[in-house]
Amino acid sequence: MTRSLGDGHAKRAGVIAEPELDSMRFDANDITVVPKFIVIATDGLWDVMSNELVAEFLFDIKNYNKSAQKLAESLGKHCRQRWLQQASNCGVMSEAMADIDDITIIVVKLEFVSD
C-alpha cells in the first residue's frame with residue numbers, strides 16, 4: 001500500500017509498502033509502438049476506468065493540443081463524473097454526499113527526438 005510508505009504505525013500493524021513495478025522496452029526505430037503518455041494515478045481513477053478507456057480519453061481528438069496539466073485536469077473531471085454515475089451514488093441529492101474515492105492523476109507527455 002503506497003500510502004503506508006514511511007508510516008510506522010502501519011508497519012507495526014503488518015502493512016508492507018512494496019510497490020508494484022512494471023517495465024516496458026521499445027525499439028526507437030520501430031514507429032509502430034512508441035509510448036506517448038505515462039499516467040500515474042490513484043485507484044480513484046483505476047476503479048472507474050480501465051487502461052484502454054484512459055488511452056481512448058487521452059487520444060481523443062478533442063484532447064489533441066492539451067498540455068499534460070490540462071489532460072490530467074480533464075481526465076480527473078471525467079473520472080469524477082464516472083464516480084457519480086456509479087450505482088452506490090444512485091439517488092444521492094448532493095455531490096458533496098456522493099461516494100467518490102480520492103482522485104490524483106499525473107499525466108506525462110512523452111516526446112522522443114531522433115538525432
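With 10 angstrom as the radius, rank 53, 110, 21, 45 by how many other C-beta atoms surround their C-beta, starting from the fewest.
Exposure proxy ranking, most exposed first: 21, 110, 53, 45.
Separation of the stretch 26-57 from the stretch 84-109 is 21 Å, based on Cα centroids. Listed by Cβ neighbour count within 10 Å, with the fewest neighbours leading, 73, 20, 52 appear as 20, 52, 73. Remark: the residue 46-residue 78 segment gains 10.3 nm on full extension, using 0.36 nm per residue and subtracting the alpha carbon distance. Straightening the chain between residue 86 and residue 23 buys 19.5 nm, computed as 0.36 nm per residue apart minus the Cα-Cα spacing.
Read-outs: derived from the displayed coordinates by stated rules, not from any lab. All figures in this text were calculated on a predicted structure; none of them were measured in a lab. For neighbour counting, all protein chains shown are included, and Cβ atoms are generated from backbone atoms with ideal geometry for every residue, glycine included.
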